[in-house]
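Structure record follows, encoded as structure tokens.
The values are calculated or read from the model by the stated rules, or taken from the named source; none is laboratory data. The structure displayed is predicted, hence computed values, not measured ones. Please note: Cβ atoms are built from the backbone with ideal geometry, for glycine as well, and neighbour counts cover all protein chains shown.
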Amino acid sequence: MSNDKVRRWIRPEVLATTAYHVQDATGLIKLDAMENPYPWPEDIKQGWLKYLAGAEINRYPSPDAAGLKAKLRREFTIPDGIELLLGNGSDEIIQIIVQAVSAENTVFLAPEPGFSMYEVISESARARFKGVPLRQDYSLDTEAMLQAIREYQPAVVFLAYPNNPTANLFAEQSIIEIIEQAPGLVVVDEAYHIFAEQTLLNRLVEFDNLLIMRTLSKLGLAGLRLGFLAGTVQWIREFDKLRLPYNINILTQMSTAYILDHTEVLYDQAAKIRHNRGMLYNELNSMPGIRVWPSSTNFLLFRTEHADSNRVFDNLREEGVLIKNLNNTHPLIRGCLRVTVGTESENLAFLSALKKAIVR
Ligand SMILES: *Cc1c(COP(=O)(O)O)cnc(C)c1O
């Protein structure tokens, strides 16, 4: 196939972009992607495998996953009158929302630095994405947000609650003001809910333009790819038209249904991660030359005050620890690195590697 045909038919914006880059973690302690580091206890794992043996893999999965939705409703106390849309990860849900509202000149808005997929997916739909800088302390600049909302009339405002990569929860009052003044949708992305223990779910019934998005990825099921969107039937019905048939595969449906009968495993792991986060925060906070920010998530944002962060990142990798380098992603987090909270021993390995990495 000649390259000419590719150039003729693939959209110029696609030709110009690069694919989402996932760092190679082979042989490294993997603290780059906010994964839960704990495996399941052996009895839970054996019970799961036995349950999966009943999967009719030759059949299509349930198209609407009604049984799974009912379980999710109970587990996450979804209010009456609120419907769910399931996605192959919340990334797919973002894509469905963006697809449903995008027309010429549609604007999507989010604070920045923020979750990169809001911008990536908006741009893939040829829509415009507007980022509104956070304040210096990473709180929402409510005035600037409201001003941008008036100016750009965004179809959707995305708010990660708590925010990635700054790890903080925005003030609920600021979010409410944005919901009240936005002409379109406000999607509150609660991917880190289990680590923040704060939610706007109970406010869904108050506002006709609020949607809440959750994912099981950070709860310990990143490999399954399951996210959900909660909102009124009027919105969910429209989004559901764009959802591809059978988007949640049978192994994901069954595995999720199984673990929802054993959620204490996930909640115990999350409690351990929150505990480890406190320990890791204290250690980083007492380390000379490190500035670390408080976290409502399962990761910590920190800055190396005297050492070049690119070099620290490379040194850490040579020491066998992979984290995320955020330098050059946004001026507000220049020189910052992000580390996922791991097991106790992973965190200790990271800390000792970091001590070497900042003086090398
Ligand atoms: C990790 C993360 C997600 C998760 O996306 P999935 O596709 O469900 O794995 C969503 N939003 C934010 C802000 C995140 O950090």
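Observations
- Of all residues in the range 314-342, those satisfying the criterion of being surrounded by 22 or more Cβ atoms within 10 Å (Cβ to Cβ) and among the β-branched types (Val, Ile, Thr) are 321, 323, 333, 339, 340, 341.
- Selection status of residue 169, more than 11 Å from the ligand (Cβ to nearest atom) and touching a Pro at 6+ places or on another chain (Cβ under 6 Å): yes
- Boolean, residue 213 is buried (at least 22 other Cβ atoms within 10 Å of the Cβ) and over 19 Å from the mean Cα position of the chain (by Cα): no
- Among the candidates 129, 158, 108, residue that is within 26 Å of residue 243 (Cβ to Cβ), touching a Pro at 6+ places or on another chain (Cβ under 7 Å) and not aliphatic (A, V, I, L, M): 108
- Restricting the range 134-180 to residues that are assigned to a loop (DSSP other than H, G, I, E, B), surrounded by 14 or more Cβ atoms within 10 Å (Cβ to Cβ) and of a type in the set (Gly, Ala, Ser), the residue that is nearest to the chain's Cα centre (by Cα): 167
- So residue 195, is it in contact with a helix residue (DSSP H, G or I) (Cβ under 9 Å, 6 or more places away or on another chain) and within 15 Å of the ligand (Cβ to nearest atom): yes
- Those strands (runs of 3 or more DSSP E) of the range 198-300 in which at least 2 residues are within 14 Å of the ligand (Cβ to nearest atom) and either in contact with a Gly (Cβ under 9 Å, 6 or more places away or on another chain) or modelled with pLDDT of 95 or more (or both), considering only elements entirely within it, cover 210-215, 227-232.
- Boolean, residue 328 is on the phi > 0 side of the Ramachandran plot and out of contact with any strand residue (DSSP E or B) (no Cβ under 6 Å at 6 or more places or on another chain): yes
- Qualifying residue in the range 85-95 (condition: without any contact (Cβ under 8 Å) to a residue 60 or more places away in the chain and away from the ligand (no atom under 16 Å from the Cβ)): no
- Listed by first and then second residue, the pairs with beta-carbon distance under 6 Å, at least 6 apart or on different chains, first residue in the range 143-159 and more than 20 Å from residue 189 (Cβ to Cβ), second not β-branched (Val, Ile, Thr), are 153/183.
- Residue ID - nearest to the ligand (Cβ to nearest atom), chosen from residues in the range 54-84 that are more than 13 Å from residue 231 (Cα to Cα) and acidic (Asp, Glu): 75
- All conditions but one from (1) farther than 16 Å from residue 31 by Cα; (2) away from the ligand (no atom under 16 Å from the Cβ) apply to residue 343; the one that does not is (1).
- Test result for residue 107, surrounded by 17 or more Cβ atoms within 10 Å (Cβ to Cβ) and touching an Asp or Glu at 6+ places or on another chain (Cβ under 8 Å): no
- Annotation: of all residues in the range 115-166 being among the basic types (Lys, Arg) and in contact with a strand residue (DSSP E or B) (Cβ under 6 Å, 6 or more places away or on another chain), the one that is nearest to the ligand (Cβ to nearest atom) is 130.
- Output for the range 216-235, where each listed residue is buried (at least 17 other Cβ atoms within 10 Å of the Cβ) and among the aliphatic types (A, V, I, L, M): 216, 219, 221, 224, 226, 229, 230
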